[in-house]
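Single-structure report; data block below.
The values are calculated or read from the model by the stated rules, or taken from the named source; none is laboratory data. Predicted model, so just to flag it, every value in this text is computed and none were measured. Glycine also receives a Cβ, built like all others from the backbone with ideal geometry; neighbour counts cover every protein chain displayed. Areas reflect the complete protein model, heavy atoms only, side chains present, ligands, DNA and RNA absent. Shrake-Rupley method; radii C 1.70, N 1.55, O 1.52, S 1.80 Å.
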Amino acid sequence: MSTSRRDILKLAGVALAGSTFPSIIIPNRAFAGVNSETLKVGLIGCGGRGSGAAKQAMNADPNVVLHAMGDIFRDRLDSSLEALTKAVGDKVKVDEGHKFVGFDAFQKVIDSGVDVVILTTPPHFRPEHLTAAVKAGKHVFCEKPVAVDTPGIKVVLEAAKMAKEKNLSLVSGLCWRFHEPKRAAFSKIREGAIGDVMAVYNTYNTENLWSFPRQPGWTDMEYVLRNWTYYTWLAGDHIVEQAVHSLDMMSWALGDVKPLSAVGTGGRQVRVDPLFGNIFDHFAITYEYPNGVKGFHMSRQQINTERSYAVESFGTKGKAYVNCSRNVHEIEGANPWKYSGKMNDMYQTEHDELFASIRNSKPINNGEWMSQSTMLAIMGRMAAYTGKQITWEDAMNSTEDLAPDSFDFKSTPPESVVAKPGITPFS
């Protein structure tokens, strides 16, 4: 990556803002009515989530193949290719000329003749990769979160707008919105089963994630990139990278209304080793919504602590309880209800609906709500890092760009400075 990320984001924003399209869009190849053709998929980011998403894409349509793969690291690409070949067999059609490695691998995948791209790299790269894919006219599966800072969110929003104008499908990796029990439960909430929603309490309390010990020959940058979840500039901190799922469900329960402000705290209480980069190990955020409605969020990554992954919505006529770990979906109060329908694989449904939208010429665009939910998480991080009340306008006007100006494997990674509430400034 020889060009500054700031320059990339600025150029992307200018290009998107200045783009014009006719009122009648000429459909791209996948929407041209020839829906029996083979759809070629490109995988960008060959980690565990990327490999899983590629497998689900191969199972989503009878006439789809994996055509190209790209990753920063060759060993990740090779291990992913081996696993996918075992899982889906001859649907993997990736020859040596379509294996791309390096910081520019994403563009080579996009330019390789694919119809659909899967974006599953660390979140830092998402705005640039999404913009490139949409500009090239590709349908996209975009894993969460979509950015790590406000400049990135703005680029994603512009890319989503362009995707809509180009008649492209853009499907989010915020997977609970594709889970049938959750769809039923949150539909009940939005239809008034618990009355007016006055508060939502959501949690994502878990333990530590994976890490890779440093190997001989790794530069400092390679070590950081391989352990990206522990660095705010790459992952956004775990409230953004992981707990965004719970915040997305809070937003869902509230009709995706934007909050007025957020205040909260967080820190590193037990996970203080340099192994864990500069991210916090716990967050507690209160979101203020119009009409006095509040959202309460708690997340942590601490070993030997109580786990919780749930959303509780409190209304004037009852309470709705959704527990992701125990698969509980029920309502208490004036209109009691308990889900008793089918249990689907939400990860598979994401891709089933993506490919169905392509075949049926009915594009899906999740761009706005996936960006807003990611911004909720970024806003919460801002409130915790600074210890200040952050309004939605403050958050959306932030100019903080977390990434280094430019980097390659020989570059020195950004200093792992741990935020201190009350000391770290808002920018």
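Just a few scattered comments:
- Using the Karplus relation 6.51 cos²θ - 1.76 cosθ + 1.60 with θ = phi - 60°, the per-residue 3J(HN,Hα) values for the stretch 141-158 come to 9, 10, 5, 7, x, 8, 6, 10, 8, 5, x, x, 4, 5, 5, 5, 4, 5 Hz, with x marking Gly and Pro.
- Residue 293 accessible area, 1.4 Å probe, all protein chains in place, Å² to nearest 10: 10
- About the Cα centre, charge dipole magnitude for the stretch 288-427 (Lys/Arg +1, Asp/Glu -1 at Cβ), debye: 560
- What you get for the stretch 35-123, charging only the Cβ of Lys and Arg (+1) and of Asp and Glu (-1), is a dipole of about 220 debye around the Cα centre.
- Whole-number percent relative contact order across the chain, with pairs defined as alpha carbons under 8 Å at least 6 apart: 21
- Among 63, 304, 360, the largest mean-square fluctuation in a Gaussian network model of the chain, built with springs joining Cα atoms closer than 10 Å, belongs to 304.
- Each of 178, 189, 152 was scored by the projection of its Cα onto the charge dipole of the stretch 146-196, and the greatest displacement toward the positive side belongs to 178; charges sit on the C-beta of Lys, Arg, Asp and Glu.
- Peptides 202-215, 65-78, 110-123, 384-397 ordered by average Cβ neighbours within 10 Å, highest first: 110-123, 65-78, 384-397, 202-215
- Report note on the peptides 361-369, 341-349: ranked by the mean count of other C-beta atoms within 10 Å, highest first, their order is 361-369, 341-349.
- Ranking 39, 276, 83 by Cα position along the charge dipole of the chain, where only Lys, Arg, Asp and Glu carry charges on their C-beta atoms, puts 39 farthest toward the positive end.
- Rounded to 5, percent antiparallel among DSSP beta bridges of the chain: 55
- Accessible area per residue in Å² at 1.4 Å probe, computed on the chain: 41
- Check: the stretch 223-370 dipole with +1 on Lys, Arg Cβ and -1 on Asp, Glu Cβ, in debye: 160
- Ligands, DNA and RNA excluded, the heavy atoms of residue 103 present near 30 Å² of accessible surface to a 1.4 Å solvent probe.
- Beyond 13 Å, the tail of the calculated P(r) for the stretch 348-414 holds 75 percent of the Cα pairs.
- The sum of -39500 (n - 2.57) across all DSSP H runs of n ≥ 4, divided by the residue count of the chain, sets its helix-only mean residue ellipticity at 222 nm to -10500 deg cm²/dmol.
- Pairwise label distance in nanometres, residue 353 with residue 316, each label 7 Å out on the Cα-Cβ vector: 3.0
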